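J.: Structure below; questions to follow.
The values are calculated or read from the model by the stated rules, or taken from the named source; none is laboratory data. Since the structure is predicted, the reported quantities are computational estimates derived from the model, not experimental observations. FYI the Cβ positions are ideal-geometry reconstructions off the backbone, even for glycines, and counts take in every protein chain you see. Ligands, DNA and RNA are excluded from the accessible area calculation, which covers all protein heavy atoms including side chains. Shrake-Rupley method; radii C 1.70, N 1.55, O 1.52, S 1.80 Å.
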Amino acid sequence: MYICTHLRCEYLNEPLCVDEMHPRLSWEGQADHPGGLQIAYQIQCSLNKEFKKDSLLWDTGKVTSNQSFQIPYEGSTLTSYQQVFWRVRGWNQDDHQGGWSRTASWTMGILKKEEWQARYIKNYLSSRRNSPLFRKEFILKKKLKRALIHVTALGLYDLHVNGESIQDDVFAPGWTDYNQRRLYRAYNITKNLLKGQNVIAAELADGWCRGNLGWSGTRGVYHCDLSFLAQIRLEYQDGTIETILTDESWKTIFGHTTSADFYDGEHVDSQLEPKGWAKAGFDDTNWEQASLSLEALKNPQDQEVTLQAYPAEPIRQTEELKPISYWEVAKNKVIYDFGQNFAGRVRIHFKGKAGQVLIMRFGEMVNKDQTLYTENLRNAMSTDSYVMRGDKIETWEPKFTFHGFRYLELTGCPVKPSLKNVTGVVIGSDTTRVGYFESSDKIINKIYENAVWTQRANFLEVPTDCPQRDERLGWTGDAQVFIRTAICNMDTAAFFKKWLADLNEAQSPKGAYPKVAPDIIEAPNGQDANGDAAWGDAGVVCPWTLYTCYEDKKNLEKYYPNMMQWIDFLASTSKGYLRGPDHTFCFGDWLSINADTPKDVIQTAHYAYNVDIVRKIAEVLGKKADATKLKRRFTNIKNAFQKAYVQRNGKIKGDTQTGYLMALKFNLLNQNQQQQAIKHLVKNIEDLDTHLSTGFIGTALIMSVLREAGHVETAYKLLENKTFPSWGYSVVNGATSIWERWNGWTIEGGPGDVHMNSYSHYAYGAVVEWMFDTIAGIDHGTCGFQNFKLQPIPGGKLTFAKASYHSPYGLIKSSWKKKKDKIIYKFWVPTNTQAKLKIQGNQTVKLNGEEITLTENYKLEPGKYKIEQRINENHSLF
């Protein structure tokens, strides 16, 4: 029997707000016996769950295909608000028909501008820092079939219906360049509504739109009023429809949140909260009528700013942590240690007197005297406060802020310190965990877990650099060096789909991609400081990586013109196929250790790298003429690179690890130069007592280059190092996340440069990709994971390793263990996939008990495998 499971639409589970006219449908196959393959499928889409013939929107019939991922809907034209039910069944390799899957659904968003009838509303004193409250009562007179609310805001919103929160997300509607594009969300409120009197209530806060952004202390980057747009659609069982809109009939007042900011924190005076304001029947006679904001001077359909359905998993509360210890540092001032550096906030229970003030401050470290360390926060106050109402028991958790922290400093709490009444609430974009890794080395395991926690802390609406200081921006260079690791850990397809839109709409008119997206950095003296090597690469590297891992060709098609414009920009800022700092700004190999790779080497190497990737994209898209031109340009850049930077003895200008790594990884050398460069690279590492000196650029390359060059053992030594600088150094010194700097904290000097020293910064966590594709050997094939690689390479001091990756086709498992004179490998190949197996050393092995000789790229069909391989007395494969 072949069963289809894990049904998704546009990467999402039961999305309520889709504005793609041909949304892509995906599922996973499960077979009741090994070797299960899909040879055909049938999809049905319907207006109801019964799938009656007259309600079908699309019936593919039996389609001969093994595809189960990203099948575009090709049925009847879809309309706004339409709920589409769908199911799928498959045929296995014996042509046996499986049963229908469970029924899934997706709901279309508001597809036409003219269907937006609501107006943006505000409190007429919108410049105040207090958060405004809004409410609207209405009567439900008939039996309800379905009720949806579509909502956005300039700022953040917190929504209630009849006194109950309707959201499982936070910081909605999300972050974009609000002057170009705004995101809206949809919520099903059918079960929240009652017969008779009802109320919709909302509180707004500054968020990204009006709060602090960047290190310059700038507020209100987007110059927008704090305003709110909502459209409630009531579908009655008799077939009639009623719409409730935001307009001047809503009531408003300033509320109890006296200020809320991502950097500075949230401050609440609970005594100012109108009791029962979010419930029906509240007397709002003394409230003001809402005003139309500047955004409402035109009808929504006349506005140039695009309203787009939110395309990814939202930010949610993903976990709760209890502190592991606490201590008092002064009278009524207690430090709590959560044992983990994370992004989020704190929930606290207490009983106090009216007017008492509780203050929470946050930090990633503590000082030698065990007080809170906050110097690295720069100008971010990172402080929350609460004025008590004086109820019997009060519970408070901020709604409109987050912090990056391990330690909480709590002042003014009226109850005795306890591990029970304080809870850490972990917050981040709710990307599904798909990868797990473990080995015999506890330090390596901790490096891996630290990378996962750092990703969770920084994949928060956009791929930020850090969650704690006055920055928290979508740095493009960090994202592109880490994206492949990110995919190993989490399902990030929809997350990056959203961010690619941010990135491409920030591209300059000249074609330069920005340093951050959304782009809020103003270039000095009006100059275009974008287009930086490695940072600008994100516009090419990220969609290409999404294609190779998720088969997402749509991103390539959509952004191909942008990529070609980027290539033209690189050409226009080059001279003789060479690029240098005189042409554009360059960060260089950011935060390397005493190894200054020349910036012209970096810029020229990345110019070639981008051209080569776009050539591959042109080939995928069938643009042969472009591919030919790009291939020729790459050859010219490669020749110019060799002539300008490579000496006869193979040394590359600067003689740094990163210089050799780029030249080797980007294929910029001839065969003889490659061998010379490998020798120089390895010697450089050995001269540093087998340590790296790389920054953001080189660290992402070093492990894979060493593997491809035949120096896997050198790579293992780098990973197993525990002395400075290394991944292990931070772990043995207490790190629970990846640090921004190799010297973020040292035994000799303590904390690093306070002006830029995050203890949650994922770039160096890019080593996790190597844990998966080399130690465990799990990697995609040419495109995606339907045909993937299993190529583990045991090495170093490890005695076992195992990893799993839940691919779009199902769960992949790989493990190996050294046992006396043999290595035992175990693999799981999911249904409807095929793996190419390659192991090092002796190719005569026992496969599921049968002795065979492995051929090159030996194929494994779906199923469970155990392989025993003999090794020599030194446990060596070679």
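J.: Taking the square root of 5 times each eigenvalue of the Cα gyration tensor, what semi-axes in Å does the equivalent ellipsoid of the range 75-147 have, largest first?
T.: On the way: eigenvalues 396, 55, 43 Å².
So the three semi-axes of the range 75-147 are 44, 17, 15 Å.
J.: Please sort by residue number the trypsin sites (Lys or Arg not before Pro) in the range 215-283 whose DSSP state is loop and whose Cβ has at most 15 other Cβ atoms within 10 Å. Mind dumping the intermediate values first?
T.: Numbers: sites: 219, 233, 251, 275, 279; in loops: 275, 279.
For trypsin sites (Lys or Arg not before Pro) across the range 215-283 that sit outside H, G, I, E and B with at most 15 neighbouring Cβ atoms in 10 Å, the list reads 275.
J.: Can you give the Rg to Rh ratio for the range 86-204, taking only C-alpha atoms and Rh from Kirkwood? It would help to have the intermediate numbers written out before the result.
T.: Details: Rg = 19.7 Å, Rh = 17.6 Å.
Dividing the radius of gyration by the Kirkwood radius yields 1.12.
J.: Here is a further query. Please give every one of the aspartates and glutamates within straight-line cross-link reach of residue 717, meaning a C-alpha to C-alpha distance under 20 Å, and leave out same-chain neighbours fewer than 8 residues apart.
T.: Those aspartates and glutamates meeting the cut-off are 438, 441, 449, 686, 687, 689, 708, 769, 773.
J.: Suppose a student asked you for the relative contact order of the chain, using Cα pairs under 8 Å spaced at least 6 residues apart; what percent would you report?
T.: With pairs under 8 Å counted, the relative contact order is 10 percent.
J.: According to a simple spin-label model (label point 7 Å from Cα along Cα-to-Cβ), what is the distance in nm between residue 331 and residue 353?
T.: Using points 7 Å along Cα→Cβ, the separation is 1.5 nm.
J.: Tell me which chymotrypsin sites (Phe, Trp or Tyr not before Pro) from the range 96-153 have a DSSP coil assignment and no more than 15 other beta carbons within 10 Å of their own.
T.: Working: sites: 100, 106, 116, 120, 124, 134, 138; in loops: 100, 116, 120, 124.
Qualifying residues, ordered by number: 100, 124.
J.: Regarding the range 192-244, what whole-number volume in Å³ per residue does the convex hull of its Cα atoms give?
T.: Details: hull volume 6.0 nm³, N = 53.
Per residue, the Cα convex hull of the range 192-244 comes to 113 Å³.
J.: Compute the normalised compactness of the range 566-668: alpha-carbon radius of gyration over 2.2 N^0.38 Å, N being the residue count.
T.: Relative to the rule-of-thumb radius for its length, the range 566-668 sits at 1.08.
J.: So what's the projected area for the range 635-721, the Cα convex hull averaged over all directions, in nm²? Write down the numbers at each step before the final one.
T.: Details: hull surface 21.2 nm².
Directional mean of the projected Cα hull area for the range 635-721 stands at 5.3 nm².
J.: Strictly over 25 Å apart at the Cα level, which of 145/251; 331/351; 49/498; 279/322 would you flag in this model? Display every interim value, and only then the final one.
T.: Working: 145/251 28 Å; 331/351 18 Å; 49/498 30 Å; 279/322 32 Å.
Result: 145/251; 49/498; 279/322 exceed 25 Å.
J.: So what is the accessible area of the chain per residue, in Å², with the probe set to 1.4 Å? Mind showing how you got there, number by number?
T.: Working: 34220 Å² over 878 residues.
On a per-residue basis, the chain sits at 39 Å².
J.: Given 0.36 nm per residue, what is the gain on full extension from residue 621 to residue 842 after removing their alpha carbon distance, in nm?
T.: On the way: separation 221, 0.36 × 221 = 79.56 nm, distance 4.08 nm.
Using 0.36 nm per residue and subtracting the Cα-Cα distance, I get 75.5 nm.
J.: Okay, next question. Leaving ligands, DNA and RNA out of it, work out the accessible area of residue 691 with a 1.4 Å probe and give it in Å² to the nearest 10.
T.: Residue 691 exposes around 10 Å² with every protein chain in place.
J.: Please give the residues of the range 93-122, grouped as numeric ranges, whose backbone N is less than 15 Å from a label point set 7 Å along the Cα-to-Cβ vector of residue 80.
T.: Label zone hits: 108-120.
J.: One quarter of the convex hull surface, Cα atoms only: what value does that give for the range 675-726 in nm²? Please report the intermediate quantities before stating the final value.
T.: Numbers: hull surface 13.2 nm².
Orientation-averaged projected area of the Cα hull: 3.3 nm².
J.: At a temperature of 25 °C and a viscosity of 0.890 mPa s, determine how fast the range 341-397 diffuses translationally according to Stokes-Einstein, using the Kirkwood radius over alpha-carbon pairs as Rh; express D in µm²/s, rounded to the nearest whole number. Write out the running numbers ahead of the final one.
T.: On the way: Rh = 13.1 Å.
Translational D for this selection: 187 µm²/s.
J.: Given labels modelled 7 Å from the Cα in the Cβ direction, how far is it in nm from residue 245 to residue 432?
T.: Distance between label points: 3.8 nm.
J.: Rule-of-thumb check for the range 779-824: C-alpha Rg over 2.2 N^0.38 Å? Before the final figure, lay out each step's value.
T.: Working: Rg = 12.7 Å, N = 46, 2.2 N^0.38 = 9.4 Å.
Relative to the 2.2 N^0.38 Å estimate, the range 779-824 comes out at 1.35.
J.: Using the Kirkwood formula over every pair of different C-alpha atoms, what hydrodynamic radius in Å results for the range 189-284?
T.: Working: mean 1/r = 0.0611 Å⁻¹.
Its Kirkwood hydrodynamic radius stands at 16.4 Å.
J.: Right, next: From a point 7 Å beyond the Cα of residue 94 in the direction of its Cβ, which residues of the range 19-49 have a backbone N at a distance under 12 Å?
T.: In the range 19-49, the label zone of residue 94 (backbone N under 12 Å from the point 7 Å along Cα→Cβ) covers 32-37.
J.: How large is Rg/Rh for the range 381-504, to two decimals, with Cα atoms and a Kirkwood Rh?
T.: Radius of gyration over Kirkwood radius for the range 381-504 works out to 1.05.
J.: Give me D for the chain in µm² s⁻¹, whole number, from Stokes-Einstein with Rh from the Kirkwood sum over alpha-carbon pairs, 25 °C and 0.890 mPa s.
T.: Diffusion coefficient, whole number: 84 µm²/s.
J.: In Å and from the alpha-carbon atoms only, list the Rg and Dmax of the range 1-99.
T.: 13.6, 43
J.: Would you calculate the separation in nanometres between label points at residue 180 and residue 47, each defined as 7 Å from the Cα along the Cα-to-beta-carbon direction?
T.: 3.9 nm
J.: In the range 385-483, what percent of the accessible surface is made up of carbon and sulfur (1.4 Å probe, ligands and nucleic acids excluded)? Write down the numbers at each step before the final one.
T.: Working: 1390 of 2660 Å².
After summing per-atom areas, the C and S share lands at 52 percent.
J.: While we're on this one: Once every DSSP H run of n ≥ 4 in the chain is given -39500 (n - 2.57) and the sum is divided by its residues, what mean residue ellipticity at 222 nm do you get, rounded to the nearest 500 deg cm²/dmol?
T.: One gets -6500 deg cm²/dmol as the mean residue ellipticity at 222 nm.
J.: Can you give me the angle between helix 476-489 and the longest principal axis of the chain, using Cα atoms only, in degrees from 0 to 90, rounded to the nearest 10?
T.: Once rounded, one gets 80 degrees.
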